[in-house]
Structures are given as structure tokens and as C-alpha cells.
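Chemist: Quick one: the structure is below, and I'll ask about it shortly.
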Amino acid sequence: MSNEQSVETEDGFTHPGGEVRQKALQEELRSLIDVVGPGPLVDLLLERAFELGATDIHFDPRPDGLRIRLRVDGILHDILQLSPAMTSQVISRLKLMAGMDITERRYAQDGHISNAVLKGKRDIRVGGGPTLYGERLVLRLMPNSADFVSLEQLGLESIQTEKIKKQINSPYGMILSVGPVGSGKSTTMYSCLNLLNDPMRSLITIEDPVERRMDGVNQIQVEQKIDFSFAEALRGVLRQDPDVIMVGEIRDPETAHIAVRAGLTGIRVLSTLHANETTATIDVFRDFGIPPMFIADSVNCVISQRLLRKVCTEANEEYHPDQAACEFLGIPHDQAETVTLKRGVPADCNFHTGFSGRTGVFEVLTVDSEIREAILKNKSARELQRLAVERGMITLEQAAKNKVLAGVTTIEELHRVLAFSA
């Protein structure tokens with residue numbers, strides 16, 4: 001088995017990391033604990049975390065010291081346990097780098113480690129607060145600004161890609177990406193924004209935080225501490241002659257109303273929203289008090305998505321589905337021996353999980369004349385879902401099953417993320 005392995009992270013990018021797998025990283029850091037101070041140890045940890053394609057680093061205080069974990073492919077992995085004597089030094093070092101008050105340990109704080117401090121193009125967002133055993137910090141590692149993912153690389157079905165591209169080219173209206181935290185919504189919106197990034201257009205983003213820096217795009221960071229919210233920023237942007245606006249997230253009725261009005265007045269609006277399904281988005285907008293007529297006329301496309309871990313390409317095995325798997329995947333029992341699925345084999349190259357990298361699975365709802373008419377009649381989300389499926393929409397469940405049949409992921413991973421029952 002080769003030692004070279006790549007890791008595809010939440011943002012959809014592949015990062016080299018064969019030489020810094022979990023065991024090797026643990027040994028490397030442990031060997032430095034007694035010979036270097038907290039500064040070099042923290043610097044090395046950050047460097048290796050970026051190389052591994054980790055999205056978060058957790059520093060959790062415990063009675064016996066500081067537990068350090070990395071989130072890779074959406075799963076947390078134990079990396080290091082520091083002694084109580086070194087805990088305060090490491091926490092103080094990180095808080096200094098993030099511009100946080102190191103003397104204050106009684107309440108939650110936010111910080112930012114800039115790319116200048118890291119001598120590169122990567123930012124880190126830091127959140128901290130008190131726990132029973134001391135101060136806890138969580139670092140969110142921002143994606144590489146130089147890397148962008150095309151729609152074709154996200155994991156969309158070809159017909160879904162075509163639908164989204166058609167809606168992106170509409171002269172106005174909203175395209176929304178919905179799903180839980182950490183499902184890749186922002187990456188999808190950046191992919192759409194990148195297709196619209198043209199010198200002939202005025203593009204503006206309103207984000208919290210700004211996740212990627214894009215040439216040719218005016219990017220705005222909201223700041224809640226001074227009441228510079230999404231709604232406040234959006235109101236100001238509408239007076240700045242925009243062609244395209246990307247709103248990091250629609251969190252409240254005020255922002256939703258302003259975004260909908262923008263979509264009705266000749267502006268292309270991209271945004272994300274917390275909703276489980278495409279059609280549930282319509283209910284969220286209704287709850288925000290937006291009239292059905294405005295929803296029907298402003299929303300062009302809703303993309304629901306999840307991220308599934310991929311079977312490791314270096315350590316895996318093939319097998320034929322059993323009766324339960326056949327029933328779940330819709331395979332005739334007499335054809336089980338003709339169908340080959342894949343599952344990973346736990347190994348050093350995949351953090352002993354059998355998975356390496358992630359791919360998106362999607363549900364794309366385009367608001368055509370029939371869906372628009374159903375929205376105007378206040379049809380329920382379930383009725384809208386049924387109508388959309390009748391009109392050819394691929395559901396999240398079906399998209400995930402297609403990935404299983406293609407050997408990209410497993411039934412177990414599908415159940416873990418989507419919670420469908422066989």
C-alpha cells in the first residue's frame with residue numbers, strides 16, 4: 001500500500017497529506033513536547049492541520065490536561081493530550097495570536113488569526129469560552145482562497161448541474177443552498193458566484209466571516225458588535241448598483257424580506273439557509289412572513305445538500321449486496337451477484353476509518369410554472385416535494401443511493417448522514 005494519500009475536505013479540495021497521517025502526526029508532536037515551547041508546537045500543529053485538510057481544531061480542557069482533536073472529513077480524531085502544566089501556555093499562545101484578551105477567562109470570546117500571522121493566504125477563526133475544567137478553544141480553518149471548485153466537481157448529477165447553470169444565467173431572482181451546518185452550502189454558493197464573476201458585472205458579498213477572497217468581487221464582513229448585521233449591510237449594498245449579491249446566510253425575517261425584494265428588482269441573489277429539504281425552504285420563507293406571491297416570483301432555484309465520506313481509494317474491498325441492501329437500493333434479488341459495491345478497509349492512510357475525502361449529494365428544485373402555481377396556492381412542503389419528484393427532481397436519498405451504487409460511498413455512511421431507514 002502506498003503511503004501517499006490525498007484528503008478531500010469539506011470545501012471539496014484535495015490536499016496532500018500522506019506523510020502526516022494520524023499516527024505520524026501524533027508521534028511528531030509528542031516528540032516535540034519536551035524540547036520546544038508552546039509557540040513552535042502550536043505553529044507545527046497548525047501547519048500539519050492545513051496539510052491534512054482539517055476544517056477544525058478542538059482544544060478541550062480535561063482534569064488531566066488538554067485534549068487536542070482535528071476534524072477531518074467531518075469526523076473528529078484525537079491527536080494529542082497535553083499535561084495540565086502546558087495547557088495554559090498553549091491556550092494563551094493561541095489567544096495572543098487571535099487578538100483575544102488572555103486575562104479574561106469568564107465569558108465567550110471570538111478571535112481571528114490572520115493570514116499575515118500565518119505567513120500565507122489562510123485565515124483562522126477562533127471561538128473560546130469557559131468550561132468546568134478551564135478555557136476551551138475551537139479553531140475553524142478557512143479554505144485556501146486560491147482554490148475554487150467547479151459545479152462539476154461538487155458531486156452533482158449532470159442533469160442537476162445543467163439545471164443550476166440555467167438558473168445562474170437568469171437575469172434576476174434567488175438561488176439558495178440549504179442544509180445543516182457543515183454541509184458545504186458556502187462552497188456551492190462560491191462555485192455559483194465564480195461562474196458569475198465577470199468584469200462587466202458588479203458583484204458584492206456580505207459574509208460572516210468572509211471565507212474566501214475572490215478577485216473582482218467586493219466582499220463585506222458583517223460585525224454584530226457594532227450592529228452591522230446582514231440586513232443593515234444588505235440595505236446599504238442595494239444603493240451601490242449591484243448586479244449580483246451573495247448573502248452569506250439568511251438568518252432572520254428582515255434579511256429574508258430585503259433579499260426577496262432584491263431578487264424581484266433585477267438583481268441576482270445567492271444565499272444559504274438552514275432547512276432540511278428544498279421544499280422546506282418555502283415553509284421557512286412563509287414563517288418569515290413573506291407573501292406567497294413574492295416567494296413564487298423571486299426564488300428561482302433551491303439546492304439542498306449533504307456531504308458523504310468517500311470510500312478510501314487506497315484501502316477498500318468489493319462485495320455483493322445482501323438482501324436488505326438490495327431492497328434498500330432497489331436492486332432485484334436475482335441480480336445481487338451482478339452488482340458490485342465498495343467499502344473501505346481501515347488503514348493508516350485513512351485514519352483507520354475506511355474513508356478518505358467527501359463528496360456532495362444534492363437535491364435541486366427549480367421553480368417552474370407548476371411549482372410557482374403550487375406556491376401561490378400555499379401548498380404544503382410535502383405536496384411541493386411530491387410535485388417536484390413527479391416532474392423529475394432527484395431527491396437527496398436517490399442521489400445518495402446513486403453514489404453507493406457507483407462505489408463512491410457506503411450504505412452505512414448514507415444512513416449516518418441522511419438517517420434514512422431501510
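All of the numbers you see were taken from the coordinates with simple rules; none came from a lab. These numbers come from a predicted model, not from an experiment. Glycine also receives a Cβ, built like all others from the backbone with ideal geometry; neighbour counts cover every protein chain displayed.
Chemist: If you take the square roots of the eigenvalues of the alpha-carbon gyration tensor of the range 329-385 and sort them as a ≥ b ≥ c, do you get rounded (a/c under 1.5), prolate (a/b over b/c) or oblate?
Modeler: Oblate.
Chemist: Right, another one. If amide hydrogens are placed 1.01 Å from N in the peptide plane, which non-local residues have theirs closer than 5 Å to the one on VAL345?
Modeler: When sequence neighbours closer than 5 places are left aside, the close amide H contacts are CYS312, ALA315, ASN316, GLU317.
Chemist: Set the bar at 21 Å for Cα to Cα. Now go through LYS377/LYS401; LYS185/LYS342; LYS165/LYS185; LYS185/LYS310; LYS163/LYS379; LYS165/LYS401 and name every pair that lies beyond it.
Modeler: LYS377/LYS401; LYS185/LYS342; LYS163/LYS379; LYS165/LYS401
Chemist: Report, ordered by chain and residue number, the aspartates and glutamates lying within cross-link reach of LYS166, taken as a straight Cα distance under 16 Å and ignoring same-chain residues fewer than 8 apart.
Modeler: Within the straight-line cut-off, LYS166 pairs with GLU152, GLU157, GLU363, ASP368.
Chemist: Using only Cα atoms, locate the centre of the range 126-191 and the centre of the range 222-260, then give the distance between them in Å, rounded to an integer.
Modeler: Centre-to-centre distance over Cα atoms comes out at 18 Å.
Chemist: Right, something else. Compute the distance in nm between two label points, each set 7 Å from the Cα along the Cα-to-Cβ direction, one at LYS165 and one at GLU412.
Modeler: The modelled label-to-label distance comes out at 3.7 nm.
Chemist: Ranked highest first by average number of other Cβ atoms within 10 Å, how do 53-62, 398-407, 370-379 line up?
Modeler: Ranking the peptides 53-62, 398-407, 370-379 by packing returns 53-62, 398-407, 370-379.
Chemist: Taking a point 7 angstrom from the Cα of SER92 along the C-beta vector, which residues in the range 38-72 have backbone N less than 14 Å away?
Modeler: 38-39
Chemist: Let me ask another. Test of understanding: in a Gaussian network model of the chain with alpha carbons linked when under 10 Å, which of GLY74, GLY392, GLY173 would top the mean-square fluctuation ranking?
Modeler: Top of the fluctuation ranking is GLY392.
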